[in-house]
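The values are calculated or read from the model by the stated rules, or taken from the named source; none is laboratory data. Predicted model only: the values in this text are computed from it and were never measured. Cβ: placed from backbone, ideal geometry, glycine included. Neighbour counts: every protein chain shown.
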């Protein structure tokens, strides 16, 4: 073999921050605290703080591979911990404070965290499990000054923790395959499972995220991750933004439409990413007052679950705001596919591509897909046949932390996502359901997601969920649960009329029931497992 004569340097998370601090000193960093106050910084200042935190961890004996947990919102201190923990060779472990107490206790024990950085506003989530904290946990560091919670370990403030450190610290040269961060799945069907990312996978994922057909980030952007930093590392934006030297706005816990719109306008945000619920509520809020307009329309990315075409169309036609539909999951860091135009549909008019925007699109470079039917063979690209999506690539999990080999990884190295999809002639996927949520009626499959998205086109429907219920002849039939918008009174007939002609007749829900609320997971998705439990005794007549 003739080797190339090129230098080799490890792909390390710390190198991203060093690059931003050295070459993008003028970029703005804005962090919003829980009270709404805004704090300003820069990439050089953030690196200095990260180095002080890393030095303090090292002074306390933290070794490479130790897990360092966080329970906090999107803020500057949290971002500094991101780079401090991974940069020194420890493992950043972001914990979702919205999980149930039992899940938080399990995650901290499973990870074996030795230090935990805590936003004081979520201290109750920790004190609720004070008697179940892992024995390995030595210190809790408050990210802001506040009364110390009563915990069976040392509690200090961040300023106390780093008071002896000057920032004169050199990032160590690590193996790029060393673990850099740990995220747990949302645990909707059992206890969460840990996904352990490497420095190499994280850097490669960030390189993919900044591509023009993905997040299209540049040094001229102001990026605001609305997706929480405890949700799959903020979809990689905390790494992608400094990689290109973009400015960043970290909105804290206040994600209501008015607070977000204020940040969009006053901080000149040009790019943001979040789940469908966030953008749906923002659109509804904008429509309440004709004077609410973007001075400079931002680019939005949506993921987590499918966004109804009506929302995408509303933002584009009414506010000139484009929304890119992406798909991913914790096990793939999370970016897997995007629905951006390509040569085959470059000449489609706006209406045609808006309809197409409901799809999750194609994989970006670094990810590969295959879709197998129930018979184990590839499905046809006819937009009709269903199959389970399998993934492999440079930032795809090959197993779970502290678990034996999981059946989700096939013998030939593909990760089984559990998502049921169709393929079209362009090779683009559309997720029609989770494998566990497909409604199986008389041996045929009905997509609950399709029914839900169509129902959301009704002007009086705020939320919708389709679940299977027992039927004496067909085994399962769809029940559509609807939350009306405040002050409205839609009828079952008017909701079903929206679906007429858009799905096969046998897909039509047998019943529409109106409810006040629908349960959501800690990441804002419909909690189908809980809905099925609540309605398990409901059955339809023959």
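Before moving on, here are some points about what is shown:
- Of the residues contained in the range 312-320, one or more are found to be in a loop (DSSP other than H, G, I, E, B) and out of contact with any strand residue (DSSP E or B) (no Cβ under 9 Å at 6 or more places or on another chain).
- Every residue from the range 521-536 that is outside any loop (DSSP other than H, G, I, E, B) and touching a residue at least 40 places away in the same chain (Cβ under 8 Å): 526, 528, 529, 531, 532
- Check on residue 390, surrounded by 14 or more Cβ atoms within 10 Å (Cβ to Cβ), more than 20 Å from residue 215 (Cβ to Cβ), modelled with pLDDT of 95 or more and not assigned by TED's automatic domain parsing to the domain that holds residue 199: yes
Yes/no matrix, rows are residues, columns are (1) over 17 Å from residue 87 (Cα atoms); (2) surrounded by fewer than 23 Cβ atoms within 10 Å (Cβ to Cβ):
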{"position": "158", "(1), (2)": "yes, yes"}
{"position": "171", "(1), (2)": "no, yes"}
{"position": "193", "(1), (2)": "yes, yes"}
{"position": "202", "(1), (2)": "no, no"}
{"position": "208", "(1), (2)": "yes, no"}
{"position": "225", "(1), (2)": "yes, no"}
{"position": "228", "(1), (2)": "yes, no"}
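- Among (1) touching a strand residue (DSSP E or B) at 6+ places or on another chain (Cβ under 8 Å); (2) touching a residue at least 60 places away in the same chain (Cβ under 8 Å); (3) within 30 Å of residue 230 (Cα to Cα) - the single one residue 342 does not satisfy: (3)
- Those helices (runs of 4 or more DSSP H) lying entirely in the range 123-236 with at least 3 residues closer than 20 Å to residue 92 by Cβ and in contact with a strand residue (DSSP E or B) (Cβ under 7 Å, 6 or more places away or on another chain): 199-209
- Residues satisfying the stated conditions in the range 254-274, i.e. touching a residue at least 40 places away in the same chain (Cβ under 8 Å) and either farther than 25 Å from residue 71 by Cβ or surrounded by 20 or more Cβ atoms within 10 Å (Cβ to Cβ) (or both): 263, 264, 267, 268, 269, 270, 271, 272, 273, 274
- Any hit, the range 278-285, residues being at pLDDT 95 or above and closer than 30 Å to residue 47 by Cα: no
- Meets criteria (in contact with a helix residue (DSSP H, G or I) (Cβ under 7 Å, 6 or more places away or on another chain) and assigned by TED's automatic domain parsing to the domain that holds residue 75) for residue 151: yes
- Selected residue [over 21 Å from residue 526 (Cβ atoms) and either assigned by TED's automatic domain parsing to the domain that holds residue 214 or surrounded by 14 or more Cβ atoms within 10 Å (Cβ to Cβ) (or both)] from 443, 373, 399: 399
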